[in-house]
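First the structure, in the form of structure tokens, and then the observations on it.
Only the coordinates and a few stated rules stand behind these numbers; no lab work does. Just so it is clear, the model here is predicted, and its values are computed rather than measured. Note that we place each Cβ from the backbone using ideal geometry, even for glycine, and neighbour counts take in every protein chain shown.
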Amino acid sequence: MAKVISNVHLNEQVGLLEVECDRTGKPGQFYMLRAWDTFPLLPRPISIFDITDRGIRFLYQVVGEGTLRLYQLRVGDNLTLEGPFGNGFPELNGKIALVGGGIGIAPFYYAAKSYENADVYLGFSDKPYLVDEFRQVSPSVTVDVGGTILDYVRFEDYDHVIACGPQGMLKAIQAKQAAEQTGTNIYVSLENKMACGVGACLACSIKHKSGRKKSCTDGPVFRAEEVSFI
Ligand SMILES: Cc1cc2nc3c(=O)[nH]c(=O)nc-3n(C[C@H](O)[C@H](O)[C@H](O)COP(=O)(O)OP(=O)(O)OC[C@H]3O[C@@H](n4cnc5c(N)ncnc54)[C@H](O)[C@@H]3O)c2cc1C
Ligand code: FES
């Protein structure tokens, strides 16, 4: 059982939750969160936003009942966390770009803290949030509001690009990779629906170059060119 230390509402849909718990996990991994009894039936996967000296922070956007329950949590409330799950981001050397669209920015704060000198690109559809926090952990933070953050990323400037965001953005990254042929290693972190989080149910199955893969245990981080978005 974990306890809520803070739950800051950044706007009407997005919150930053800090929970007191074991501080384990690497960038790109996620936890299954449950802050309710029987409904919704399943816990919800949320990426590690940050590991602090007190616990773990999660950045979430309300899209349905589960994330609404997270938004309603108050200081001192209990919730259960299972994890950390998933492969997380690879260990990388060289010049790195972290590209987040919408709530897909969530895994990149801890990543920016962990990689040395990674550039961060943040795409928002509306008013930005947490930009100053990202500036404290990255030498370069580029922000776009209402446009296409990918337009700012020059693949040839990087050895590695990691992206997380809506499927449309990840497909656009694949198209850019195929068109530009820069040799940059491109990774995508998928946020498709999950049920168990531990490889037991196949709810998160994706089409991959080498057959079906489970996003929860084989991913959620894959090489971009190996994923097929149906
Ligand atoms: C590995 C992983 C990491 C994630 N990290 C984060 C994170 O850090 N912060 C965050 O806010 N969200 C994250 N997500 C997405 C989050 O898990 C879902 O938004 C959440 O499970 C929705 O639950 P809900 O009960 O609020 O909505 P539901 O009632 O389950 O769904 C409400 C609506 O949202 C749609 N929806 C549900 N899940 C998704 C999804 N994964 N992608 C697109 N649409 C969806 C449904 O189709 C439905 O229309 C992550 C997902 C994965 C797989
Ligand atoms: S969520 Fe059950 S196998 Fe991945």
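By how many degrees, between 0 and 90 and to the nearest 10, does the Cα long axis of helix 167-180 differ from the longest principal axis of the chain? That helix lies at roughly 20 degrees to the long axis. Ordering 70, 41 from the fewest to the most neighbouring beta carbons within 10 Å gives 41, 70. Each peptide in 188-196, 8-16 was scored by the mean count of other Cβ atoms within 10 Å over its residues; highest first, the order is 188-196, 8-16. Each part reduced to its alpha carbon centroid, segment 51-125 and segment 158-202 end up 16 Å apart. Largest GNM mean-square fluctuation across 159, 126, 50, computed for the chain with C-alpha springs under 10 Å, falls on 126. Here the chain carries DSSP beta bridges of which approximately 65% are antiparallel, counting only pairs with both residues inside.
Of the cross-linked pairs 113/213; 26/127; 26/95; 171/207; 26/214; 171/213, those separated by over 23 Å at the C-alpha level are 113/213; 26/127. Over segment 151-223, what is the percentage of antiparallel beta bridges among all DSSP beta bridges, to the nearest 5? Of the beta bridges lying entirely in segment 151-223, close to 60 percent run antiparallel.
The C-alpha radius of gyration of the chain, expressed as a fraction of 2.2 N^0.38 Å, stands at 0.97.
Computed as a quarter of the hull surface, the mean projected area of the alpha carbon convex hull for segment 123-230 stands at 8.0 nm².
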